Structures are given as structure tokens and as C-alpha cells.
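The structure under discussion appears below in the form of C-alpha cells.
Bear in mind that the values in this text are calculations on the coordinates, not laboratory data. Small disclaimer: the values here were computed from a predicted structure and weren't measured. FYI the Cβ positions are ideal-geometry reconstructions off the backbone, even for glycines, and counts take in every protein chain you see.
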Amino acid sequence: MKALVLLPAFNEAARIGRVLGGIRAAAPEATVLVVDDGSADDTAGVARAAGARVVRLPFNLGAGVAAQTGYKFAVREGYDCVVHLDSDGQHEPADIPALLAVIARREADVAIGSRFLGGGADYRAGALRRTGMGVFGLLAWLLTGVRFSDVTSGFRAFGSDVVRFVATEWYPTDYADADVLITLRRAGFRLKEVPVRMYPRAGGRSMHAGLRPIYYVFKMLLSVALAPLRREAFERKGS
Amino acid sequence: MAELTPHQTVFALVTSLLAFLFVLELVRRRRLREEYSWLWLLTAGAMVLLVMWYRLLILITRIVGAVTPLNTLLLCAVLFLFAIAVHYSMIISRLASQVKNLAQELALLSARLEERQR
């Protein structure tokens, strides 16, 4: 199976090296692609030095756009599976094979790394964040009938049909969590959660800083509410 | 119902006609593209029509329950401005999505080029 490990990165030069080292140790046969989302620091240089392939966006376009650039890359180069993880060290690279295995064995089209399933209980989040996760998890459950334990996880693997599907126009530009899962479920893809480890950020700037959480909640409520009504939710996979 | 005074009529006519001509002039000089001008021309045209065809203005005033015809003119203007603002938001959204696709395309192509040259 031709697997691609995708890391969108924005100003992560200080942290990405260690993550790339972890990926190389955990999944040596996979190609690693870093999508540099218009960083001002040497993220691209560090990534290249660590042996990753690098695509540089000309200016900062947001995490969703950076990820979608990677999906477009994967479609063009014919990858069977794309594992997406954060470049700041929050996701444990050693868990990549577990996600890949779900796709390789065709158990599901989407493997979602869950920090709350099984052994991943050592992740601590604030009360506000916990409430938000609970609300969106509940909404996702109501809209899809699937009980997700970790609906805001960005650590996930897509099979090639899903990659083709998200490389089309509709993929969200900024935050892509619950709404994407709902759309994928509605489009007929099979989703499966896999226990993974996640850590708090090791520094740098979170994309959930300042007033962003308020916009996040607004955006997510709107797109979760509209996800089942949008056109792509009715398109079948592979179309 | 209060008639528009000649003063009001002339002022409203002159303003709407000037607006209409201004937009036409922008299109003629290619400062404004035809596809984005139609809503402005429609607005100015509707204002002229309502001022000229007074009975229509009275009728609309009755339908919406406005007090004076002048209120109706103002209401129409606000509604058209709202439509234009939403129209622009739609255009901006489309442009943003096109810029996004272009940036992605550029990034993918230049990555391929760099890898080939290395």
C-alpha cells in the first residue's frame, strides 16, 4: 500500500523536526509530505532536511486549505492512503501504523484517532473545551447515528476514495472536524475510531488562541447544521 | 396621501439619473465590469421608475403600509443596498475560493519543479 503521511505546518520549525523523526521511526516506508502554510520561519527547510517532501503555499491560507493541498497532492501521485497529523507534536507518530492498518485491511474508509478510546485516557482538557467536544459529539451522533468518542480529532487516515472526495471543492478552509465527519458519513463512507495518544502542545501558537474558539463554535455549529443539507452529502463515494 | 412636491420629484429624479449615468460611465471606461453593474443599474432604474410613475409608488406605499411615498423610496433604496452588499459577499466568497485553488495549484506545481531540478 502506498501511504502518505501529511503534516500541514505553520511556523513549526522548532517542533516539526522531532515529529518527523518520530514518523520515520514509526512508518519508515511511508512518504512524508509537509505542507508549509506560508510560514515566516524555516519550517520548509527543516522539513526538507529531515527527508520530507515539501509543498509551500505562497501565503497563509488556513489549516483546512493546507490539508486539502496535501490531499490534492495525494490524488495526483496516486496514494492509497493519507494519514493526517499535526506538526506540533500533539499526535504520537507511533500510532500511525494503527491508523494505516484500518485502511489497509479495508475495515473502514476513514480511521479517526481518538484520544478518549481505550488507552488514551491521559489527555487532559479544560472544562470549556470538554463541553465543546461534548456538544459537537452529541450533534454528530444525532446527525449520523454514530457515537464518536473524539469528534475534534485531527489525527486521521483516509482511504483513496475519501482522499479523492475531500480534494474536491467543498472541503472547509479553516477548521475541519465534526462537519467533515458528518459529511463523510452522509456520503456513505465507513468511519472507525482507533485509540491514539495525544499530548498538550509543546509551545508555539495554537490555532485555538484568543477569540478563535468563539468563531470556531459559530463556524462549526453552522456547518454541522448545514452539512446534512449540502449537495456533497448526497454524492456517493468515488463519484 | 401626500403628493411628492415638485422639489422632491426633481431632486429624486436628478439623483437617480446621475447615479445611473455614473455607473454607465464606469462600465464604458471599463472601470466596472458589466457583470457587476447590473444590480446598480437596476437600483437606479427602479428609483427613476418609481419617481416617474407616481401611481405605482402610491400602490407600493399602500402595500407595505408606509406613511409617505418618500418612506417607500427610502425603503427600496435600503433593500437594494442590502441586495448589493450580499451580492458582493457572494462574489468575494467565489474569488476567495478561486484564489485558494490557484495558490494550491501554484504550490503543487512549484514543488514538482523544485524536486525535478534537485
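Structural descriptor for chain B: relative contact order 23 percent, calculated from alpha carbon pairs under 8 angstrom and at least 6 residues apart. Think of each Lys and Arg Cβ as +1 and each Asp and Glu Cβ as -1; about the Cα centre, that makes the dipole of the protein assembly as shown roughly 260 debye. Close amide H contacts of A:Ser114 (hydrogens built in the peptide plane, cut-off under 5 Å, sequence separation of 5 or more or a different chain): A:Val194, A:Val196. Across the range B:93-103, computed HN-Hα scalar couplings (Karplus, 6.51 cos²θ - 1.76 cosθ + 1.60, θ = phi - 60°) run 4, 5, 4, 4, 5, 5, 4, 4, 5, 5, 4 Hz from first to last residue, x flagging Gly and Pro. Applying the Karplus relation 6.51 cos²θ - 1.76 cosθ + 1.60 with θ = phi - 60° to the range A:84-98 yields 3J(HN,Hα) values of 9, 9, 6, 8, 9, x, 6, 9, 7, x, 4, 8, 4, x, 5 Hz, where x marks Gly and Pro. Taken one residue at a time, the phi angles of the range A:54-68 give Karplus couplings (6.51, -1.76, 1.60, θ = phi - 60°) of 10, 10, 10, 6, x, 8, 5, 10, x, 4, x, 5, 4, 4, 5 Hz. Gly and Pro are set to x. Beta bridges assigned by DSSP with both partners in the protein assembly as shown are antiparallel in approximately 30 percent of cases. Stretched out straight at 0.36 nm per residue, the stretch from B:Arg94 to B:Tyr36 would grow longer than its current Cα-Cα span by 19.5 nm. Using R0 = 35 Å, the C-beta based FRET efficiency linking A:Ala14 and B:Leu106 works out to 0.85. The ranking of A:Ser223, B:Ser89, B:Ser97, A:Ser87 by Cβ neighbour count inside 10 Å, starting from the fewest, reads B:Ser89, B:Ser97, A:Ser223, A:Ser87. Each Lys and Arg contributes +1 and each Asp and Glu -1, all at the Cβ; summed about the Cα centre of the range B:6-87, the dipole is approximately 120 debye. The angle between the Cα long axis of helix B:6-28 and the longest principal axis of the Cα atoms of chain B comes to about 20 degrees, rounded to the nearest 10. Put simply, the amide H of A:Thr168, placed in the peptide plane, has no neighbours under 5 Å, leaving out anything fewer than 5 places away on its chain.
Rg and Dmax of the protein assembly as shown, both derived from C-alpha coordinates alone, stand at 26.8, 85 Å. The mean number of Cβ atoms from other chains found within 10 Å of a Cβ in peptide B:94-107 is 5, as a whole number. Taking Cα atoms only, the orientation of helix B:54-64 departs from the longest principal axis of chain B by about 70 degrees. Close amide H partners of A:Val54, meaning residues 5 or more places away or on another chain with modelled amide H under 5 Å apart, are A:Val34.
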